[in-house]
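The values are calculated or read from the model by the stated rules, or taken from the named source; none is laboratory data. Predicted, not measured: the structure shown is a model, and the values here were computed from it. Don't worry about glycine lacking a Cβ; one is built from the backbone with ideal geometry, like all the others, and counts go over all protein chains shown. Side chains are part of the model used for accessible areas, which takes the heavy atoms of the whole protein and leaves out ligands, DNA and RNA. Shrake-Rupley method; radii C 1.70, N 1.55, O 1.52, S 1.80 Å.
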Amino acid sequence: MRLEIVPLTTIPEVRAGDDLATLIQAAAARENQIIDAETVVAVAQKIVSKAEGALVDLRGISPSPVAQSWAAEWGKDPRLIELVLTQSRRIVKMDRGVLIAETATGLVCANAGVDQSNVDGAGITTVLPQDPDASARRLHAALGCGTVLVTDSFGRPWREGLVDVAIGVSGIEPLSDLRGTADRHGRKLTATVVAVADQLAAAAGLAMVKDAGCPVVLIRGYNWKRAGGSARSLVRDPQNDLFR
């Protein structure tokens, strides 16, 4: 296998209401890159949220007493904490200035995906798309590519550093279930399920340099299982989660 990972470097600043597929196609044309049925298109969540208007002005938020108290204890903006609380289905952990939350789509992440980085305008914050899978499906249909991944940077409980993962998918089976197959020595695999959508997102993340304006990456050379797919299948069922 030989993978080609190509960032699109001429995506302009994305505004609410922009046609994201058109911006991606125009950038690909400028950079002499082909987007076809063999191309994986990884798109950073930030520009999806911007295009869909998933933006909140903190100046319009009135913090609750809980947000005010916790923010004061840890030196945070109480308006930001209130926004995180409103974007959360469940608070997993509030400790040592870190707020881990479960979103409406089941994602467990820091600050419920609320993010102030790479946003133009004082007090403006992005939140996650309402339905990242639907966002991926719309882009997939408009681009005519093989698959679309909406990616975001997540921390990991037992390892340092952030890794990009897929929070929305279209055109791919996100998991490759190898249970029941044999390894090279003939041993039957009983627990191996590979998160291929996350692996592709992580590969794309290598080219999504945070300060270089490369929010879209094309991946070629990977042979994936074509399917409707949903990133929700990547979220572990609570009954199988030993750490909740």
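In the condition set (1) farther than 30 Å from residue 68 by Cα; (2) of a type in the set (A, V, I, L, M, F, W, C); (3) open to solvent by less than 50 Å² (accessible area, probe 1.4 Å), residue 182 is compliant with all but (3). Looking across segment 45-77, the residues that are part of a helix (DSSP H, G or I) and in contact with a strand residue (DSSP E or B) (Cβ under 8 Å, 6 or more places away or on another chain) come down to 45, 46, 47, 48, 49, 50, 58, 70. Applying the criterion of being free of Cβ contacts under 8 Å to residues at least 24 places away in the same chain and in a strand (DSSP E or B) to the residues of segment 78-91, the residue that is least open to solvent (accessible area, probe 1.4 Å) is 91. Anything in segment 92-124 that is β-branched (Val, Ile, Thr) and not in a strand (DSSP E or B)? List them, or say none. Answer for segment 92-124, where residues must be β-branched (Val, Ile, Thr) and not in a strand (DSSP E or B): 105, 114, 119.
Yes or no: segment 158-174 includes at least one residue that is free of Cβ contacts under 8 Å to residues at least 12 places away in the same chain, touching a Phe, Trp or Tyr at 6+ places or on another chain (Cβ under 9 Å) and not small (Gly, Ala, Ser). Yes, there is a match, as at least one residue in segment 158-174 is free of Cβ contacts under 8 Å to residues at least 12 places away in the same chain, touching a Phe, Trp or Tyr at 6+ places or on another chain (Cβ under 9 Å) and not small (Gly, Ala, Ser). Just so you know, in segment 1-17 the residues that are part of a loop (DSSP other than H, G, I, E, B) and over 14 Å from residue 212 (Cα atoms) include one that is least open to solvent (accessible area, probe 1.4 Å), and it is 14.
Does at least one position in segment 29-44 carry a residue that is in a helix (DSSP H, G or I), out of contact with any Pro (no Cβ under 6 Å at 6 or more places or on another chain), open to solvent by less than 30 Å² (accessible area, probe 1.4 Å) and farther than 14 Å from residue 213 by Cβ? Walk me through it before giving the result.
Looking only at segment 29-44, we keep the residues that are in a helix (DSSP H, G or I), and these are 29-30.
Right, trim to out of contact with any Pro (no Cβ under 6 Å at 6 or more places or on another chain) and you get 29-30.
Those left that are additionally open to solvent by less than 30 Å² (accessible area, probe 1.4 Å): none.
Within segment 29-44, not a single residue is in a helix (DSSP H, G or I), out of contact with any Pro (no Cβ under 6 Å at 6 or more places or on another chain), open to solvent by less than 30 Å² (accessible area, probe 1.4 Å) and farther than 14 Å from residue 213 by Cβ.
When we screen 110, 122 for residues that are open to solvent by 40 Å² or more (accessible area, probe 1.4 Å), of a type in the set (Gly, Ala, Ser) and under 22 Å from residue 12 (Cα atoms), the only hit is 122.
Evaluate the following for residue 98: is it among the aliphatic types (A, V, I, L, M) and out of contact with any strand residue (DSSP E or B) (no Cβ under 8 Å at 6 or more places or on another chain)? Step through it out loud before you land on a result.
Numbers: among the aliphatic types (A, V, I, L, M): yes; out of contact with any strand residue (DSSP E or B) (no Cβ under 8 Å at 6 or more places or on another chain): no.
Criteria not met by residue 98.
Yes/no matrix, rows are residues, columns are (1) part of a helix (DSSP H, G or I); (2) touching a strand residue (DSSP E or B) at 6+ places or on another chain (Cβ under 6 Å); (3) without any contact (Cβ under 8 Å) to a residue 24 or more places away in the chain; (4) not hydrophobic (A, V, I, L, M, F, W, C):
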position: 154; (1), (2), (3), (4): no, yes, no, no
position: 179; (1), (2), (3), (4): no, no, yes, yes
position: 186; (1), (2), (3), (4): no, no, yes, yes
position: 204; (1), (2), (3), (4): yes, yes, no, no
position: 210; (1), (2), (3), (4): no, no, no, yes
position: 224; (1), (2), (3), (4): no, no, no, no
position: 232; (1), (2), (3), (4): yes, no, no, yes
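Here segment 188-202 is the region considered, the condition is being in contact (Cβ under 8 Å) with a residue 12 or more places away in the chain, over 15 Å from residue 40 (Cα atoms) and not in a loop (DSSP other than H, G, I, E, B), and the residue that is farthest from the chain's Cα centre (by Cα) is 193. Just so you know, in segment 45-77 the residues that are touching a residue at least 40 places away in the same chain (Cβ under 8 Å) and open to solvent by 20 Å² or more (accessible area, probe 1.4 Å) include one that is farthest from residue 172 (Cα to Cα), and it is 59. For segment 151-172, filtering for residues that are surrounded by 12 or more Cβ atoms within 10 Å (Cβ to Cβ) and either over 19 Å from the mean Cα position of the chain (by Cα) or farther than 20 Å from residue 36 by Cβ (or both) leaves 12. Checking each residue in segment 125-150 for being in a loop (DSSP other than H, G, I, E, B) and open to solvent by 30 Å² or more (accessible area, probe 1.4 Å) picks out 130, 131, 144.
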